[in-house]
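Down below is the structure, laid out as structure tokens.
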Amino acid sequence: MRWIQVWLAAVVTAAVLVGSATDAQAVVRAGVDVRWLPVAIEETKLEEVELGGSQRQIESLGAGARLMLGFDAFAIGGKVNFARHTFADPELSYTQVDANLHARFMVPSTRLAIYAEAGPSIALDLASTGYNAGVGAEVDVLGWPVLDLNLGIGAQYARVPVNAGPGEERINEGLRAIVYVGFDFSI
């Protein structure tokens, strides 16, 4: 646990050193987004047997909230994602919550940012803990100094255990595409 604290302190210190006072618009970035997860390459298994009816439905939706320290060039912090995964068989649908470490890098001289995030995942029916990792790109449509309107695309790999009855877990695992709209507020 100590190495995580040292690593985070080093990353935040590097972020402060990378951002100069001339391009620094904020030290704190807070943001929210609404996400759509229309397609995925995934499997739903119960005791190593793939379940039928695990075809993802187009109405799979979610939301996210992030709080980061840093400047436009680089910011790091935490992000919480919620997603309702809807399948052809309603019994297989579930809600996923991620608690991620989130890093965002701005491409110089553009409004394009690239992000990476990873962390634990749980299903709200409280099976055991899984994990996820995601990457993506977002563009700031407005270009305003305090408020960003981000349009983005991303991909997330996740392995999420879901409660399937007394003493049983079903595993949902795969790669998902994400399209989202979000706002960032610079403080």
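List pairs: first residue in the range 41-69 and over 22 Å from D98 (Cβ atoms) and open to solvent by less than 30 Å² (accessible area, probe 1.4 Å), second residue small (G, A, S) and not in a strand (DSSP E or B) anywhere in the structure, Cβ distance under 8 angstrom, at least six positions apart or on different chains.
From the range 41-69, no pairs qualify.
Looking only at the range 77-87, filter to residues that are surrounded by fewer than 21 Cβ atoms within 10 Å (Cβ to Cβ) and more than 17 Å from E173 (Cα to Cα); which one of those is farthest from the chain's Cα centre (by Cα)?
Among residues in the range 77-87 that are surrounded by fewer than 21 Cβ atoms within 10 Å (Cβ to Cβ) and more than 17 Å from E173 (Cα to Cα), the one farthest from the chain's Cα centre (by Cα) is G78.
Tell me which residues, restricted to the range 88-105, are surrounded by fewer than 20 Cβ atoms within 10 Å (Cβ to Cβ) and not hydroxyl-bearing (S, T, Y).
A88, D89, P90, E91, V97, A99, L101, A103, F105
Taking only the range 109-156 into account, find how many residues are farther than 17 Å from A75 by Cα, small (G, A, S), in a strand (DSSP E or B) and open to solvent by 30 Å² or more (accessible area, probe 1.4 Å).
2
The values are calculated or read from the model by the stated rules, or taken from the named source; none is laboratory data. The model shown is predicted, which means the values in this text are computed figures rather than measured ones. With ideal geometry, Cβ positions are generated from the backbone for all residues, glycine too; neighbour counts draw on all protein chains shown. Areas reflect the complete protein model, heavy atoms only, side chains present, ligands, DNA and RNA absent. Shrake-Rupley method; radii C 1.70, N 1.55, O 1.52, S 1.80 Å.
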